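Here is the structure we will look at, set down as structure tokens.
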Amino acid sequence: MNKRRINLWIGTVLISILMLMMVVSLFYTPFPVTEINRLERFEPPSARHLLGTDNFGRDVLSRIMKGSQTAFFVGLVAVSIGSVFGVLIGAISGYFGGIVDEIIMRIVDAMMAFPSILLALMFVSVFGVGLRNTIIAIGIMSIPSFARITRSGFVQHKELDYVKNAKIKGISNLRIMFRHILPNVLSPIVVAASMGFANAVLAEAALSYLGLGIQPPNPSWGRMLSESQVFITVSPWYAIAPGIFITLLVLGFNFLGDGIRDIRENR
Amino acid sequence: MNCENEPLLEIKDLKIGFKTPEGPLHAVKGISLEVKKREIVGIVGESGCGKTVTALSIMRLLPDNSFATGSINFSGIDLLSLTEDEARGTRGRDISMIFQDSLSSLNPLMKVGRQIDENLMMHTSLDKAERFSRVLEIMKGIGLPDPERTYGKYPHELSGGMRQRIAIAIAIVCNPDLIIADEPTTALDVTVQAQILELLRKINRESNRSIIFISHNLGVIREICSKVYVMYAGHIVERASAEALFTNPGHPYTLGLIKALPKLESKGKELFDIRGRVPSIADLTQGCPFEPRCDYSFERCRKEFPDLKKIDSDHEVRCFLAGGKL
């Protein structure tokens, strides 16, 4: 039993630490995030600069901390967009079934057939680069998976006796869908949300790495990764730092998702 | 009193079928049934003979791939011709239903009190506090101990008997005229079963509610019902008062069901069972559907389908031998 819980623990601890870092960065960073210091360029990690400095002499730790705000914000909003619309679409599709279901699911299939990063690239290049469009693009990308998971739960549950009993009480379809069925199918959706969060962080990093996501001077982990690439031989730690934090955050949410699923399946 | 004889529910020539890729299948083949006010009517038969489908059609809850013809007249309204919205208005308020398995028929993630309350919320304009006291009153009335605490419990925290009481509370909270109980005691042990039967009898006695009691157990039916319909393969094969049914069963199938009841005198002897099984609804026979299992069958049974024949003022049987001695 303890072995099963270990995923959950690792995930929770990782995310808690990163989240703490994010909260701290709202009030305090060791150095101003955009302060340029020509005298301290490419410094290796030291007591003064724990993660070294970049090509402008900016403190990497401060920028990582500030960048975590972007990562969490993008993840949270994108997952919210994806889950709200995905759950809505999946619920309607699964509950009513028939031709509505058929049409919605074929559209979802079509969306899934696109490589998601391509879809996001297209969206960003049409509507312009920037934080807002990045988030919307990532959110839309995650709708299909939420829709599928929600739908399968609804298909399963709509035939159960408690739903029949709710119908016998004369309860409206809308209320049956969201007050009766949704709480009962919520756990796989929560798992998907956790995984979706990890994917959103990765997608943001990828888009920013390509220069299409968060615009400078705002720090973003993906952007730091791409900026540091040029100097990888001069100061490798500059590239390693954002890489490690992206990995930790993604890993954390994956562990969390796995942990929740383990608990659910071993109930 | 005059209202005693007034029919509350009148089903005429109800046929229910399902569309399948292989063509339509008929589950109920033209049944007529009447429930008077204050009456407890039993529908008895083996699994798969159309009892539950009939009940669901009264609730207008048949699955999408089904079709129903005939008429179901409920105090002046034809239920089959209602729109979905109108049907929803009658469900829970005028007609309600109790299921066999109370664990699966209650929402596992909603407090039981809220589930009772929900029915009131849908059909009355009472405010929250009024509904709460009404729910507690109902819970007390059906013998749930400590209603305030039970209100906040989840279904898995209650025993089977208590859960079935909750299901009954949900069914009666809006004062419906008709309650359909689909095998309400089958999943319970015998002592609890007796309590639930007593409770249903009390509900029937103390208010004007009629009950349709569906069961495959004739023993239970005998205890509670005044009138019994015996269903077989989508047909009503016998209609009689509960007393007449047991003293003078007219249909070989009814006789078989009565013989199959375990009795104290027959302890140690082998239990009787009706040979064969209920025909699948895909089987189409010309003659009497019970013929292959019947001990009394003869040539005519294989070719012709018998009509319902009146053998007494309140006793009808669908058998060529009806009226004679079985």
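Every number here is computed from the coordinates shown, using simple stated rules; none is lab data. Here the structure is a predicted model, which means the values were calculated and not measured. Ideal geometry is used to build each Cβ from the backbone, glycine not excepted, and the neighbour counts take in all protein chains shown.
Averaging the sequence gap over all C-alpha pairs within less than 8 Å and six or more residues apart, then dividing by the number of residues, gives the stretch B:194-326 a relative contact order of 22 percent. Checking the cross-link pairs B:LYS51/B:LYS111; B:LYS12/B:LYS310; B:LYS29/B:LYS309; A:LYS158/B:LYS140; B:LYS37/B:LYS128; B:LYS51/B:LYS267 against a 24 Å limit on the alpha carbon distance flags B:LYS51/B:LYS111; A:LYS158/B:LYS140; B:LYS37/B:LYS128; B:LYS51/B:LYS267 as lying beyond it.
Inter-label distance, A:MET112 to A:ILE36: 4.9 nm, where each label sits 7 Å from its Cα along the C-beta direction. Computed per residue of chain B from DSSP H runs no shorter than four, each worth -39500 (n - 2.57), the mean residue ellipticity at 222 nm is -9000 deg cm²/dmol. With R₀ fixed at 41 Å, the C-beta to C-beta distance from A:VAL230 to A:TRP9 puts the FRET efficiency at about 0.60. Can you work out the PRE-style zone for A:ARG132? Point 7 Å along Cα to Cβ, and I want the residues of the stretch A:53-88 with backbone N under 19 Å. Counting only backbone N, you get A:70-71, A:73-82. Using a cut-off of 11 Å between beta-carbons, work out the net charge of the residues near B:LYS153 (Lys and Arg +1, Asp and Glu -1, B:LYS153 not included). Taking every other residue near B:LYS153 into account, the sum is +1.
Between A:SER125 and B:ARG114, the simple spin-label model (points 7 angstrom out along Cα→Cβ) gives 4.9 nm.
Grab the Cα-Cα distance for B:TYR296 and B:ASN73, subtract it from 0.36 nm times how many residues apart they are, and report the gain in nm with one decimal.
Working: separation 223, 0.36 × 223 = 80.28 nm, distance 3.65 nm.
Result: 76.6 nm gained on full extension.
The radius of gyration of the Cα set in the protein assembly as shown, together with its Dmax, comes out at 33.4, 116 angstrom. Its Cα gyration tensor gives chain B an equivalent ellipsoid; the semi-axes, largest first and in whole Å, are 35, 23, 19.
Shape call for the stretch B:214-260 from the C-alpha gyration tensor, a ≥ b ≥ c root eigenvalues: rounded (a/c under 1.5), prolate (a/b greater than b/c) or oblate? Write down the numbers at each step before the final one.
Numbers: a/c = 1.30, a/b = 1.20, b/c = 1.09.
Because its axes are fairly even, with a/c under 1.5, the stretch B:214-260 counts as rounded.
With the charge dipole of chain B set up from +1 on Lys and Arg Cβ and -1 on Asp and Glu Cβ about the Cα centre, the Cα lying farthest toward the positive end among the listed residues B:MET59, B:THR83, B:ILE311 is that of B:ILE311.
Ignore the peptide's own chain and count Cβ atoms of other chains within 10 Å of each Cβ in A:168-181; give me the average, rounded.
Values: counts 16, 18, 16, 8, 3, 2, 0, 3, 1, 0, 0, 5, 5, 2.
Partner Cβ neighbours, averaged per residue: 6.
If I take R0 = 45 Å and measure r between the Cβ atoms of B:ALA260 and B:GLU86 in this structure, what FRET efficiency does the formula 1/(1 + (r/R0)^6) give, to the nearest 0.05?
Numbers: r = 42 Å, r/R0 = 0.93.
Efficiency at R0 = 45 Å is approximately 0.60.
With R₀ fixed at 35 Å, the C-beta to C-beta distance from B:SER47 to B:THR247 puts the FRET efficiency at about 0.85.
Just tell me how shielded B:105-112 is by partners: mean number of partner chain Cβ atoms within 10 Å of each residue's Cβ, no decimals.
Working: counts 8, 4, 12, 4, 8, 6, 0, 0.
Across the residues of B:105-112, the mean count of other-chain Cβ atoms within 10 Å is 5.
For the stretch A:1-73 versus the stretch A:159-182, the spacing of their alpha-carbon centroids is 47 Å.
Would you please state which residues of the stretch B:158-176 a label at B:GLU130 would reach in this model, taking the label point 7 Å out along Cα→Cβ and a backbone N cut-off of under 18 Å? Only B:173-176 pass the distance filter.
Note on the stretch B:67-117 and the stretch B:4-44: Cα centroid distance 16 Å, given to the nearest whole angstrom. What is the antiparallel percent of DSSP beta bridges lying wholly in chain B, to the nearest 5? Rounded to the nearest five, the antiparallel share is 60 percent.
Relative to the longest principal Cα axis of chain A, at what angle does helix A:2-27 sit, 0 to 90 degrees, rounded to 10? Roughly 50 degrees between the two axes. Within the straight-line cut-off of under 19 Å between alpha carbons, the aspartates and glutamates reachable from B:LYS259 are B:GLU46, B:GLU223, B:GLU238, B:GLU243, B:GLU270, B:ASP273, B:GLU291, B:ASP295, sequence neighbours fewer than 8 places apart in one chain being disregarded.
Ignore the peptide's own chain and count Cβ atoms of other chains within 10 Å of each Cβ in B:113-123; give me the average, rounded. Walk me through the numbers on the way to the answer.
Numbers: counts 0, 1, 5, 1, 0, 7, 5, 1, 3, 6, 3.
Mean shielding by partner chains, rounded to a whole number: 3.
Scalar couplings 3J(HN,Hα) for the stretch A:68-77, obtained by applying the Karplus form with A = 6.51, B = -1.76, C = 1.60 to θ = phi - 60°, are 5, 4, 4, 4, 5, 4, 4, x, 4, 5 Hz; x denotes Gly and Pro.
Simple point charges give the picture: +1 on the Cβ of Lys and Arg, -1 on the Cβ of Asp and Glu, and for the protein assembly as shown a dipole about the Cα centre of about 680 debye. 3J(HN,Hα) along the stretch A:162-167: 5, 6, 4, 5, 5, 5 Hz, from the Karplus curve 6.51 cos²θ - 1.76 cosθ + 1.60 with θ = phi - 60°, whole Hz, x for Gly and Pro.
Between B:SER313 and A:PHE73, the simple spin-label model (points 7 angstrom out along Cα→Cβ) gives 8.7 nm.
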